[in-house]
Structure formats: C-alpha cells, structure tokens
Amino acid sequence: MVRSLRLVIPMLAVGVSALSAQARPAAAPAQAQAAGRTIRVQMKQVGTRYVFEPQNFSVRPGDVVEFVNVSGFPHNVQFEPAGIPAGAADVMNRNMPQRLGPLQGPMLTQPNATYRVSFAGAPVGSYAYFCLPHKAMGMTGTITVSR
C-alpha cells in the first residue's frame, strides 16, 4: 500500500500541475500588451446603404480596430494595396489574422461577429479600406494612422 501511494502521489502532483497550467491564461505577446486603445467599427446596412460607422477615423500605431458585423452580412474588411503607405502591406498582413488573401480579412457571416486588426508598427499615413461584397455600394472608408 505504501508503495502504491508513492506512485500515486507523484502522478497526482503532475496531473494537478498540468491542470493549473492549462487553467492559467497564456501570456499575451509583448506587442499585444503594449497595444493602445481599441476602436470599434460597426459594419451594417442602413436602409439600402451599407456602411462602416465610423467610416473615417484616426488611430495611433499600436491601436486595434475591431470590426463588428451588425447587419446586412456578410461583411469583411480589405485594404486597397494602392491606398496604403509604402511599406505598410507587410505590416498589415502580419497584423491581420485569418486572412483570405493579401490585405483581406475573413468574411463575417454571423451577427455580432468581430474581426480585429492591429496597427502595431503601422507606418503613418492613410489606409483606404472597404467591404468586398459591398464596395460597389459605397461601403468604404479611410483610417489615418498618426503619431
């Protein structure tokens, strides 16, 4: 019996240690910890129009823009390659998780679905963006990155 307990106790300790390691949230990357504010942009249908609200706004490097699909879905966010500062494409592609293509975020098909784009390391300048399914209907905007 003593021998059995000697085997069980270390196994319990390993199991408890593994559980507590899983229960603890993973440390956020240094870039995310140093992030600035979060700007929330609604993606929605207003009558027969499709809009981003706000449509045009400013951020600082390190801010995060959270796009929220409110109505009129599907929506996405995509940046115009010719409408962003030189050198910004590589930064933005790194800061856009689950991309469908270069500078192209995923389709948000459900109500209240969100997509977050970090502007960490983004060069100063204007970033023209749009919703691919509704671009022809004027669902466009500009994000200005300033220091």
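Site pair S58 and N93 shows an inter-label distance of 3.0 nm when each label is modelled 7 Å from Cα along Cα→Cβ. The ranking of F57, F73 from fewest to most other beta carbons within 10 Å of each one's beta carbon is F57, F73. Once you keep just the Cα pairs under 8 angstrom separated by 6 or more residues, what percentage relative contact order results for segment 58-130? Once normalised by length, the contact order is 50 percent.
Using a Förster distance of 35 Å, how high is the FRET efficiency between T48 and V124, based on the Cβ-Cβ distance and rounded to 0.05?
According to the calculation, E is roughly 0.45.
Of all DSSP beta bridges located in segment 30-145, what percent are antiparallel, nearest 5? Here the antiparallel bridges make up roughly 70 percent for segment 30-145.
Here, each number is a calculation from the coordinates, and none is a lab measurement. Remember, predicted model here, so these are calculated numbers, not experimental data. So basically every Cβ, Gly included, is an ideal-geometry build from the backbone, and we count neighbours across all protein chains shown.
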